[in-house]
Every structure is written in C-alpha cells, then in structure tokens.
Amino acid sequence: MNITKKYSKTYNVIHAIASRSFMKFGKFMEIRKRLGMSTARWEKCFACNHDFAEDEDVYRGTVSQKGNIFFCKSCAEEYNTEIKGEE
Ligand SMILES: [Zn+2]
C-alpha cells in the first residue's frame, strides 16, 4: 500500500509582463548553455507547466519565494501585472 501526499503551494505574482516577450526560448537556452548555466528551471511555464518550444516566445515574471520565472503567453496575459494602457 502506498500513501501519496499532494502538496500545493501558493506563490504571489509580483510581476508578469505580457506586453512584450523576453526572447525566443531556443535563443535563451543557447545563451544559457554557452555560459554553462543551468536551464532546468526555465524549461517550463511556471504557472501551467507547459514545455516551451524552441521558437516560442517566453515572458518574464517574478513570483514570491522563487524570484524570476518564465510564463507562456497565455499565462503572462492571465497574471499580467502591468497597468493596462500605461505604455
Ligand atoms: Zn503557462
């Protein structure tokens, strides 16, 4: 018999930028790898766990306890912290 416990954690979205993408995911990975930096935490959208495709645009965000993360386009729009009409 197994006991499976599921944990959920809540992160406060401090920042989510939807108005412009940060860069193409493939390009970001190329730079990180060239610099010998780890890529594991950047490979999925922080909110929905979607795996980024090479030519997909990634969006910058910041959440509590975690710091900088990436959002996919739809999550960046959903959690957008920009004031509409500001730019
Ligand atoms: Zn997402």
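The values are calculated or read from the model by the stated rules, or taken from the named source; none is laboratory data. Treat the numbers as computed from the prediction; the structure is a model and nothing was measured. Methodologically, a virtual Cβ is constructed for each residue, glycine included, from the backbone with ideal geometry; neighbour enumeration extends over all protein chains shown.
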Matching residues, the stretch 41-61, being over 12 Å from ARG20 (Cα atoms) and either touching a Ser or Thr at 6+ places or on another chain (Cβ under 9 Å) or assigned to a loop (DSSP other than H, G, I, E, B) (or both): GLU43, CYS45, PHE46, ALA47, CYS48, ASN49, HIS50, PHE52, ALA53, GLU54, ASP55, GLU56
Breaking point among (1) surrounded by 17 or more Cβ atoms within 10 Å (Cβ to Cβ); (2) more than 16 Å from TYR79 (Cβ to Cβ), for ARG60: (2)
Residue match in the stretch 60-69 (condition: of a type in the set (A, V, I, L, M, F, W, C), in contact with a Cys (Cβ under 8 Å, 6 or more places away or on another chain) and at pLDDT 95 or above): no
From ASN49, ASN12, residue being within 10 Å of the ligand (Cβ to nearest atom) and exposed (fewer than 14 other Cβ atoms within 10 Å of the Cβ): ASN49
Close pairs from the stretch 1-23: first free of Cβ contacts under 8 Å to residues at least 60 places away in the same chain, partner among the aliphatic types (A, V, I, L, M) and surrounded by 12 or more Cβ atoms within 10 Å (Cβ to Cβ), Cβ under 8 Å, at least 6 apart: TYR11/VAL63; ASN12/VAL63; SER21/VAL58; PHE22/VAL58; MET23/VAL58
Residue in the stretch 71-84 that is touching a Phe, Trp or Tyr at 6+ places or on another chain (Cβ under 8 Å), free of Cβ contacts under 8 Å to residues at least 60 places away in the same chain, within 22 Å of LYS9 (Cβ to Cβ) and assigned to a strand (DSSP E or B) present: yes
Leading residue by the ranking (farthest from MET29 (Cα to Cα)) among those in the stretch 53-86 that are of a type in the set (Ser, Thr, Tyr) and within 12 Å of the chain's Cα centre (by Cα): TYR79
Residue in the stretch 12-26 that is over 12 Å from the mean Cα position of the chain (by Cα) and assigned to a helix (DSSP H, G or I) present: yes
Residue in the stretch 59-66 that is within 10 Å of the ligand (Cβ to nearest atom) and either touching a Lys or Arg at 6+ places or on another chain (Cβ under 6 Å) or basic (Lys, Arg) (or both) present: no
